[in-house]
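Enquirer: Submitted below is the structure of interest, expressed as C-alpha cells.
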Amino acid sequence: MGLLDRAGARLTARPEEAEILVVNTCSFIDTAKQESVDTILEMARHKTEGRASKLIVAGCLVERYRDEIRKNIPEVDAVVGTGELESILEAAGIAPPAPAAPSPFTILSGPAQVRPGREAESGVHSHAHAIENSPKGRPEGDHREQQGRFSRNDWLGAAHLLPTYLYNEDTPRLLSTGRTSAYIKIAEGCDHPCTFCVIPNLRGKFRSRRFESVVAEAQRLVASGVQEITLIGQDTTCYGEDLGLKDGLATLLDALARIDSLRWLRFLYAYPNRITGKLLETIALHDNICKYLDVPLQHASPDVLKRMKRGAGADIFLKTLEKVRAAVPGIALRTSFIVGFPGESPRDVELLEQFIKEARFDWLGVFNYSDEEGSRAFALDSKLPKRTIESRKRRLMKLQQSISRKARQQWIGRELVLLAEGESEETELLWEGRTQYHAPEIDGKVYINDFGDLETLEAGRFYKAQITEAHDYDVVARVVSGPL
Ligand code: SF4
C-alpha cells in the first residue's frame, strides 16, 4: 500500500470504485485458503461486471499456487509473492516515482477513505536497501533446509525460490490501523520444524531486520503520533540470532521502550523455550512494555508435542508460566492450541484439559488441525474425523469460558488505562476500548457505557477507566478521567 500510495495511486477500500484490484492473500490453513479464493473470485466479478480493468493477487497463496492461480482464474492479470512485494508497481502498471528524500508515514484512516492523488510526492528507494537488509540467516535454518524443511516439492505450481525479502525503515508504509497503533515486523520466516505447519515453506528461512532499522522506524512512527507499537514476526523471540545478538528481543524492547511518548509496546509471539530471564526482566522493568505475553503452546500432551516436533509438555509449560508470573506479576497470558492432530487420543485431550485448568490463561484460542500438503504431519496415519475434532474444540472452549469468566470478574473495581477505539459495532450507545492486557483485534473487549464527566470520547486517545461488570470474555467500564 505504501509503495502504491507513494507512486501516486489513489487507494480505495471500495472495489466498485477501483480501477486496479489487489487481493492480499493468506494460505497457511484450509479456511484461510478458502477465504482468499472466495475473495479473488468476488473481485474477478468486479472486473468482468464493473469498472476495474486489472486484478492482482498478492501474498502467501501466490507462494503456494502461483501457476494454478493464473491457470484457473484467467481474470487475474498479475501475481506478486511475499518475496517480491516491490514488483507491485510493475504489476499495477504504475511508474515508480523519481528517487527523493523519504517522507513520513501515511495514515489511512477509515476503511473506505479515498485519498487524493499525490503525483508530486515521491520517495521510493527501497530496492537497494532491501538487499542490504537481508542478512544471511542462521546455521539452524541452513541445516533444516538440507533436511527438506522448506521444500515446496509437494506443491504443484508453487513459486520455486524461497522469499528472502525484508522491508526496512525507508520502505514507504501506509498505516491501516489508525493514528495511534502500528505493527512493526521485526523478523520474517521461521526455522522451527513443527510438523503441522507450512509457514516456513511459505515465508522462508528466519531472518531479522537490522536493529537500527527497527529503532528508526519506531522513532518515526512515534514522531508521527503513534502511541502503541506491536512487534510481530513468526517467532519474535528468535530476533537477532542471525545478527549475532544475544537476547536480541530483550535488547530491542529495551531500546524501543526508551522512545519518549511511546505508551504501549508489545510483541507477538513467543516460542515457549525462548522466554529468557532477561526478556522477562525487560518486560517488568519498563512501564510502557505491556504486561502481556502470547505464547502459542499448540498442545500439552508430551506425546502429541513430540509428534508435532515441538517437544516439552504440561509439566515444563507450567514451570515456564510460573517463572513468567513470578517475574512479571499481573501479566496477562494468551496461548493457542491445535486440537485433532493425527493420532490425538482421548487421553491426550484429558491431559490438555487438565493443563488448561491448572494454567488459567487469560486468553486462549483453540484451532482445529488443518491437514496441509507439504507439512510432515500430512503423511501421518490416524487422521481424526472432522466431527471428533470439532467436538473436542467445543469442549476445550467451554472449559476456558468458565476460567475466563472468573478471571474477568477479578477485574471488577480495578482502574485501568484504556485506549478508546470508537463506537461499538453492536450499538452506538457503547464504545469499545482495550487495556494493555488486550492485543489489538485478538482478545476480549472492553465496552464503555459511561463517559463520566465527558460529553464524548475520542478514538485513539487514552483514558483512565474503572471496570464495572464482567462477562465471559468481555468487560464493561466507566471512564474516570482523561484523555491522558
Ligand atoms: S514456530 Fe510457528 S511459524 Fe514456526 S514452524 Fe512452528 S508453528 Fe510454524
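Enquirer: Considering only segment 274-310, state which residues are within 16 Å of the ligand (Cβ to nearest atom) and either without any contact (Cβ under 8 Å) to a residue 24 or more places away in the chain or over 21 Å from residue 234 (Cα atoms) (or both).
Expert: 304, 305, 306
Enquirer: Next question, about the same structure. Just checking, how many residues over segment 17-50 are touching a Lys or Arg at 6+ places or on another chain (Cβ under 8 Å) and either among the small types (Gly, Ala, Ser) or free of Cβ contacts under 8 Å to residues at least 12 places away in the same chain (or both)?
Expert: Residues in segment 17-50 being touching a Lys or Arg at 6+ places or on another chain (Cβ under 8 Å) and either among the small types (Gly, Ala, Ser) or free of Cβ contacts under 8 Å to residues at least 12 places away in the same chain (or both): 2 in total.
Enquirer: Also, I was wondering about something else. For residue 387, indicate whether it is in contact (Cβ under 8 Å) with a residue 40 or more places away in the chain and open to solvent by 30 Å² or more (accessible area, probe 1.4 Å).
Expert: Spelling it out, it is not the case that residue 387 is in contact (Cβ under 8 Å) with a residue 40 or more places away in the chain and open to solvent by 30 Å² or more (accessible area, probe 1.4 Å).
Enquirer: What pairs can you find where one residue is in segment 451-479 and on the phi > 0 side of the Ramachandran plot, the other is not in a strand (DSSP E or B), and their Cβ atoms are less than 7 Å apart, with a gap of 6+ or different chains?
Expert: 460/178; 460/179; 460/180
Enquirer: Moving to a separate point now. Quick one: what pairs do we get from segment 180-193, first residue among the small types (Gly, Ala, Ser), second more than 9 Å from the ligand (Cβ to nearest atom) and open to solvent by 20 Å² or more (accessible area, probe 1.4 Å), C-beta under 7 Å, 6+ apart or different chains?
Expert: 189/205
Enquirer: Of the numbered conditions (1) open to solvent by 20 Å² or more (accessible area, probe 1.4 Å); (2) touching a helix residue (DSSP H, G or I) at 6+ places or on another chain (Cβ under 8 Å); (3) more than 27 Å from residue 231 (Cα to Cα); (4) acidic (Asp, Glu), residue 362 satisfies every one except a single condition; which is it?
Expert: That leaves (3) as the condition not met.
Enquirer: Only one of (1) under 20 Å from the mean Cα position of the chain (by Cα); (2) of a type in the set (S, T, N, Q); (3) modelled with pLDDT under 95 fails for residue 25. Which number is that?
Expert: It fails just one condition, (3).
Enquirer: When the residues of segment 126-147 are narrowed to those that are assigned to a loop (DSSP other than H, G, I, E, B) and not polar (S, T, N, Q), which ends up modelled with the lowest pLDDT?
Expert: Top of the filtered list is 135.
Enquirer: How many residues does segment 426-460 contain that are assigned to a loop (DSSP other than H, G, I, E, B), under 29 Å from the mean Cα position of the chain (by Cα) and either surrounded by fewer than 16 Cβ atoms within 10 Å (Cβ to Cβ) or not basic (Lys, Arg) (or both)?
Expert: 18
Enquirer: Moving to a separate point now. Restricting to segment 12-45, name every residue that is buried (at least 18 other Cβ atoms within 10 Å of the Cβ) and of a type in the set (Gly, Ala, Ser).
Expert: Across segment 12-45, the qualifying residues are 18, 27, 36, 44.
Enquirer: Any chance segment 344-353 includes a residue that's assigned to a helix (DSSP H, G or I), touching a strand residue (DSSP E or B) at 6+ places or on another chain (Cβ under 9 Å) and either at pLDDT below 95 or buried (at least 19 other Cβ atoms within 10 Å of the Cβ) (or both)?
Expert: Yes, because at least one residue in segment 344-353 is assigned to a helix (DSSP H, G or I), touching a strand residue (DSSP E or B) at 6+ places or on another chain (Cβ under 9 Å) and either at pLDDT below 95 or buried (at least 19 other Cβ atoms within 10 Å of the Cβ) (or both).
The values are calculated or read from the model by the stated rules, or taken from the named source; none is laboratory data. Predicted model, so just to flag it, every value in this text is computed and none were measured. Positions of Cβ are backbone-derived with ideal geometry, glycine not excepted, and every protein chain shown enters the neighbour counts. Calculation scope for accessible area: heavy atoms of the full protein, side chains included, ligands and nucleic acids excluded. Shrake-Rupley method; radii C 1.70, N 1.55, O 1.52, S 1.80 Å.
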